[in-house]
1. Test of understanding: among ASP105, ASP98, ASP162, ASP139, which residue is touching a helix residue (DSSP H, G or I) at 6+ places or on another chain (Cβ under 8 Å) and charged (D, E, K, R)?
2. Go through the range 94-126 and count every residue that is buried (at least 20 other Cβ atoms within 10 Å of the Cβ), among the charged types (D, E, K, R), over 21 Å from GLY82 (Cα atoms) and in contact (Cβ under 8 Å) with a residue 40 or more places away in the chain.
3. Quickly run through the range 7-59 and pick out the residues that are modelled with pLDDT of 85 or more and of a type in the set (Lys, Arg).
Amino acid sequence: MDFLQPIVDFFNHPIFIIVGGLTVVIAAIGIIYRASCLIFGISPLVLRIGIALWRRKIAIIGTADAFSSLSGSLKDSGIIKGKNMCHIPLDNIDKCKDFTIFLVDWETSSGFIDQILASRSNHHTAVIIFAKPATIPADKMNDIANRSNTIVVNFKGRLSNDILNSLVTTSFDGK
């Protein structure tokens, strides 16, 4: 083992000790920085999604058939629980003021869209309109497009994604 002693002596030189110490300090600072970025960057988003999925209610506005179809699609996604969805019949639209997300079936409730948009408690309430392609007239589409937090969805597969986006982007005031 005497042949290794010159190599050990070479790396015991003070310059290698200083460089090694500085490298360890820089690596430790980098790990702490990355951990803090992860904690302060991703944790609030994950917490917000968790609270939104757990506590926020979705009002599905339309007929009973539309409710069963849309709620079935959302339940099948496995993301949204059935207890967080409520059917709002067309004759009782004022009941949806307590909800933070409105899911509107355009086919059955197109005549009530102005009343639905007016019944939002504030501009943070998201309105997601499920409509088949090219069924919304251009003037209504322009009106919908000029309102905050409104989305028009054409596909059921895209519906759960838009609801998740609405849960994250609209504010949660603790209700």
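1. Working: ASP98 fails: touching a helix residue (DSSP H, G or I) at 6+ places or on another chain (Cβ under 8 Å); ASP162 fails: touching a helix residue (DSSP H, G or I) at 6+ places or on another chain (Cβ under 8 Å); ASP139 fails: touching a helix residue (DSSP H, G or I) at 6+ places or on another chain (Cβ under 8 Å).
From the options ASP105, ASP98, ASP162, ASP139, the qualifying one is ASP105.
2. Residues in the range 94-126 being buried (at least 20 other Cβ atoms within 10 Å of the Cβ), among the charged types (D, E, K, R), over 21 Å from GLY82 (Cα atoms) and in contact (Cβ under 8 Å) with a residue 40 or more places away in the chain: 0 in total.
3. ARG34
The values are calculated or read from the model by the stated rules, or taken from the named source; none is laboratory data. As the structure is a computational prediction, the values presented were derived from the model and not from experiment. Glycine gets a Cβ as well: all are built from the backbone with ideal geometry, and neighbour counts include every protein chain shown.
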